[in-house]
Amino acid sequence: MKNLSLILFLIVAIFSCTSKGKLDIDNPKLDTKLSISRFDKELFQADIYKLKELNEQWLNKYGILYESFINQMINAGHPKDPMIGYRLENFLTDSTILTIKNKLEEKFDDFSVYEKELNQSFGYYHHYYPKTPIPFIVTFYSNFNAKSFPYKDTLGIGLDLFLGRDEEIVSYLAPEKYPQYLKQDMDPEYLVSETMKSWVYANHSRPQEYANSTLYGVREDFLSSLIYHGKMMLLLEATTPNKSIENRFSFTKKEIDWCKKNEQFIFQNLIEFELLYSKNLKEIKAYINPGSFTPGLPQDSPGGIGKWIGYKMVKNYFETKEISLQQLIENQNDAREILKYYKP
C-alpha cells in the first residue's frame, strides 16, 4: 500500500512539472515597494485658501499629468494662468464634484489592496525587464477622461473610471461618450489589469502607437495588428498571472466561452473575407477597438475580439517555440511566421 501511494505521488509530481507553462515562475518581489502618491486626496482635501501655492506645487510634482488635468480634463485653462486659483476653487466647490469626491473616498480611501497587487505585478514585470525603471504611481481624478496616464517614469491611475458600473454617478455619464460597454469596464476589479495593460502598451509599442485604453494602435496590416496586440496581452498575462483571462480582456465568462467555442469560426471568417492581409484601417479597428460586439461577427461576440484571437496565435507560437518572452516581444517582423503555427 505504501508503494502504491509513493507511485501515485510520483505520477502527480511528474504531471505537475510537465504541465507547468513557460510563464509559470515563482512569485518575484520588488526590492522596494512601489512609490505611490495620492494626488486625488491632495486635490480634494486641499485648503481652498492656498490653491495658488498648491497649484505651483502640483505642477512641479506631477508635471505633464497636472497640466493635462487642468487643461484637458477639467478645462480650467493652464496652470500658469493668473486665474487658476479661482478656477480650482470653483471646481472643488461644485456640488457634483463634491458628490464624486465622497464616492472616491468611499471606494479608494484605503488603497492598500490595490497597492499590494500592483507591487506583485511589477515584481513580475521586473523579472522580465530588470533594466526598465519601475514607475512612480500617481492616483488622480480624471473627470472621467483617463483610466491611466503613463508617461516617462510615471504611471497615473484615474480612479474615477473604476468607481463601478452600478454607481449612480456612472449611470449619469452621457451614453454617446460613455456607451454601456465602456461603463461595464469601470468596476474596481479591473484597476490592476488595466493599469498594467497601459504600462505594457506604453513601454512596448512603437512611438505614438498606443494612445489610450479605448483607442488602440494598428500596424501595417490586419495580421500584424493582431500579432502586436496578442503580444501585449501575453505580456499582460505574464505580469498578472493571478488575474483571470476574463479580467485581463474585460470580457465576461460568457464572452470568453463564446470565443473558445467559436475560435475556428472566427479564424475562418478572417480567411473567407480576406481580412488577414487587409490594410483597411476601418476593418482593422473594427476588430481591435472596444465595442458592444465585433462588427462582422454575431452580436453575442465581444467587442475587440481581434486582441483575443491575436493572443491565441501568439501564445500558441510562444509555447511551441524555444523562445523567451523578451525575444518574442522584441521581434517586430514575425507575424507571418507566428501565423504558420496557429491551428485553431
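The values are calculated or read from the model by the stated rules, or taken from the named source; none is laboratory data. What you are looking at is a predicted structure, and each value in this text was computed from that prediction instead of being measured. Methodologically, a virtual Cβ is constructed for each residue, glycine included, from the backbone with ideal geometry; neighbour enumeration extends over all protein chains shown.
Tabulated data for the structure shown
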{"item": "Residue in segment 235-252 that is without any contact (Cβ under 8 Å) to a residue 12 or more places away in the chain and outside the structural domain of Ile323 (by TED's automatic domain parsing) present", "result": "no"}
{"item": "Answer residue from segment 253-264, given it is farther than 19 Å from Glu189 by Cβ and either touching a residue at least 40 places away in the same chain (Cβ under 8 Å) or among the aliphatic types (A, V, I, L, M) (or both) and is surrounded by the fewest Cβ atoms within 10 Å (Cβ to Cβ) among those", "result": "Gln264"}
{"item": "Residue satisfying condition, being of a type in the set (Val, Ile, Thr) and either in contact with a strand residue (DSSP E or B) (Cβ under 9 Å, 6 or more places away or on another chain) or assigned by TED's automatic domain parsing to the domain that holds Asn247 (or both), within set Thr132, Thr139", "result": "Thr139"}
{"item": "So Leu223, is it buried (at least 23 other Cβ atoms within 10 Å of the Cβ) and modelled with pLDDT of 95 or more", "result": "no"}
{"item": "Identity of the residue in segment 305-328, buried (at least 16 other Cβ atoms within 10 Å of the Cβ) and not hydrophobic (A, V, I, L, M, F, W, C), that ends up nearest to the chain's Cα centre (by Cα)", "result": "Lys307"}
{"item": "Flag for Phe122 being touching a helix residue (DSSP H, G or I) at 6+ places or on another chain (Cβ under 9 Å), of a type outside the set (S, T, N, Q) and farther than 20 Å from Ile169 by Cα", "result": "yes"}
{"item": "Out of Leu118, Leu155, sole residue that is part of a helix (DSSP H, G or I), modelled with pLDDT of 95 or more and either surrounded by 23 or more Cβ atoms within 10 Å (Cβ to Cβ) or in contact with a Pro (Cβ under 6 Å, 6 or more places away or on another chain) (or both)", "result": "Leu118"}
{"item": "Filtered residue count, segment 305-326, keeping only those that are farther than 13 Å from Met232 by Cα and either polar (S, T, N, Q) or without any contact (Cβ under 8 Å) to a residue 24 or more places away in the chain (or both)", "result": "6"}
{"item": "Residue in segment 44-53 that is within 24 Å of Pro150 (Cβ to Cβ), in contact (Cβ under 8 Å) with a residue 40 or more places away in the chain and crowded, with 17+ Cβ neighbours inside 10 Å present", "result": "yes"}
{"item": "Subset tally (residues that are over 23 Å from Gly21 (Cβ atoms) and assigned to a helix (DSSP H, G or I)) for segment 228-254", "result": "1"}
{"item": "Residue in segment 56-78 that is closer than 20 Å to Pro150 by Cβ, among the basic types (Lys, Arg) and surrounded by 12 or more Cβ atoms within 10 Å (Cβ to Cβ) present", "result": "yes"}
{"item": "Boolean, Tyr190 is of a type in the set (Phe, Trp, Tyr), more than 29 Å from Thr132 (Cβ to Cβ), assigned to a helix (DSSP H, G or I) and not assigned by TED's automatic domain parsing to the domain that holds Leu297", "result": "no"}
{"item": "Residue that is nearest to Gln208 (Cα to Cα) [pool: residues in segment 131-153 that are polar (S, T, N, Q) and touching a Leu at 6+ places or on another chain (Cβ under 7 Å)]", "result": "Ser148"}
{"item": "Selection status of Pro302, within 20 Å of the chain's Cα centre (by Cα), part of a loop (DSSP other than H, G, I, E, B) and either of a type in the set (Ser, Thr, Tyr) or buried (at least 21 other Cβ atoms within 10 Å of the Cβ) (or both)", "result": "yes"}
